[in-house]
Each structure stands twice: as C-alpha cells, then as structure tokens.
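Heads up, the thing below is written out as structure tokens.
What follows is calculated from the coordinates using simple rules that are stated; it is not laboratory data. It should be emphasised that the depicted structure is a prediction, and the values quoted were computed from it without experimental measurement. A quick note on method: Cβ atoms are made from the backbone with ideal geometry, for glycine too, and the neighbour counts reach across all protein chains shown.
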Amino acid sequence: MFRPVLQTIGCTIFPCRAPKTLPRQNPVPAVAGESGSVSEEKGEEKNNENRNPQQQQIVDMSSITSKNRRGVVHCLTIVGQIEGHQVLPPSNKTTKYEHVMPQLAAIEESDEIDGVLILLNTVGGDIEAGLGIAELIAGMKKPTVSLVLGGGHSIGVPLAVSAKQSFIAPSAAMTIHPVRLNGMVIGVPQTFNYFERIQERIVQFVTRNSRISKEEFTRLMLKTGELAADVGSVIYGEQAVELGLIDHVGSLSDALECLYGMIESSRKEHPRDSLLPEAGTAAENREAPHREKRRKSGKNVGETGEKSEEKRR
C-alpha cells in the first residue's frame, strides 16, 4: 500500500483557519506628476542642470580640460575593457573607440589645447580598436604623456607606450601575452599565420615607440611558468622602466610636470606662439599678431578718414 505523497516528502497538513480581516484603509490619492518614472527623470534633469560644464564632460566622455597659467591640458581616460565592433554588456566598464578617436582628432586640431594627459587603467580588449587609438596618439604633434595606474594589460601596453613620454605608478602592473581569439577557430595553417601577423603588428608598434628590444618583448610574451592559465609575463612599475618599456616611474604630479615642460619646450620651438607669455594658451598666443594687425589697420583707417574730411572742407 502506497503512502500519501505529502507524508513521503515530510510535509505536515494543518487545519485551515479563516484569515483575519484587516481594517479597510482608504487609498492615498495619487498626485499628478509624482510617479516613479517622472520623478526619476526630473531628478536626472535637476542633476544635469546643477553640473558645471567640466562635470558634464566627465560624465559624457570620461575626460576633462583644465586651464592654468602654464597651459591648457586635456585629460583623457582609458579604463575598463576596450570595446571593439561588438557592444559589450552594460555591466562591463568599457572604453568605446568611437568616442575616443573623434576626441583625439579634435584635440590635435584645437588651438585652445596645449597638451594631452592619458590615464590608463585597462584590462585590454579589442586589438584593432586598441591599436587604432594607439596609432592616433602616436601620430599627434602636440605633447602627450601617459600614466599607467592600476594596470595596463594586454592591448593596454601599446596604448601606454604610444605617448611621447610614459609613466607608470610603482604599484601598477602590465600583462604581456600572445594574441587570443574569441569565437570559432578553424584549425588550419592560415589561422596560425594570421595570429603571427597580428602579433607582429603589436610587437613592431611597441618596439617602435619604446626602448625595449624586439627579442626581449617577444621573450616576455611567450614566457611560460609565470601565469597559471596563460602564456606571458606580468611586470610591475620599476621592472617596466628597467626593461625600457616605460620611460619613468612616477605619479600624477610627475606626469603633469613632464607635460608642462614639453609644452614650454614646444612654445620655444615656435616663437610666434609665445608673443603673449602671460596668456598661457595656444589660442591667445596665436591671436596676438592678428590683434596687433587689426589695431594698426584701425589707426590707419582713422587717419585716412580725417584727411578726407579736410579735403572736403
């Protein structure tokens, strides 16, 4: 004879009781305009109104432009994972190349910005997107300084060396490893040949923009026994400088001092931009000759007007 199922699973049946009736409460009348979505939108609009332009620039583009008597510096951050041609999940902190590339082009053409400070704390990401950003930074004529904070891993290595001068914090780390591919891989010789060509592009860029040799960088990339589940190496601040991968060990103040020194040297190389030493910006310095020409032309126009008035008399 089979036992009841409820007993088999160890359940106990209690007699049903009538539920207690609670006193009736009058519903609170809803006030128009105070729904959750509307109030959240109003809160966001109020926060946007309270932000100054610099705060809004940080929220929108993760960058900021600061100005003082020594020059105008644009600070660009490359953090999280560098997003490629596919959009990553919202939970991932990403740097989008379609945001960074136009910024770099605008900075290079701007008369108001004197130099660029790049702050790096990235785990790496898409190879082509990272190399594209690194090539843009390396091709800029304006002074550029990079600072590795926390980590500059994988494709973050070319980004770190792309600036004219590079710094790394003593506690920061950099991971150098071979190229990896997500998705379907066809096991044919052409696939491995493609890997080698991509890897060669990265090696050439890094060795061209730093003091490390090709042999040393390749050795670090293919090193075994250091990473538990991968091939490669992890190097830290002072070691990166000793290998010639990074130029200096330092912090924010060191990177800014180096950048301002480069800006001053750039002004000395272009005397026309230094006619107004108190102005402190490239735009104001370049405006000086034009302002002087307009002042002289205005004086001549006034004199011509007086002479013509005398002739009419």
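Brief remarks follow.
- Top positive-direction residue, dipole computed over the stretch 105-170 with Cβ charges, set V116, A129, L149: L149
- Computed log10 I(q)/I(0) for the stretch 145-187 at 0.14, 0.17, 0.25 Å⁻¹: -0.40, -0.52, -0.83, from the Debye equation with unit scatterers placed on every C-alpha and solvent omitted.
- Qualifying trypsin sites (Lys or Arg not before Pro) in the stretch 176-264, DSSP loop, other Cβ atoms within 10 Å at most 13: R180, R211
- Normalised radius of gyration (Cα atoms, divided by 2.2 N^0.38 Å) for the stretch 166-281: 1.49.
- Ordering of 249-257, 140-148, 114-122 by packing [mean C-beta count within 10 Å, highest first]: 114-122, 140-148, 249-257
- Lysine pairs with alpha-carbon atoms under 22 Å apart, the stretch 111-268, spacing 8 or more or separate chains: 7
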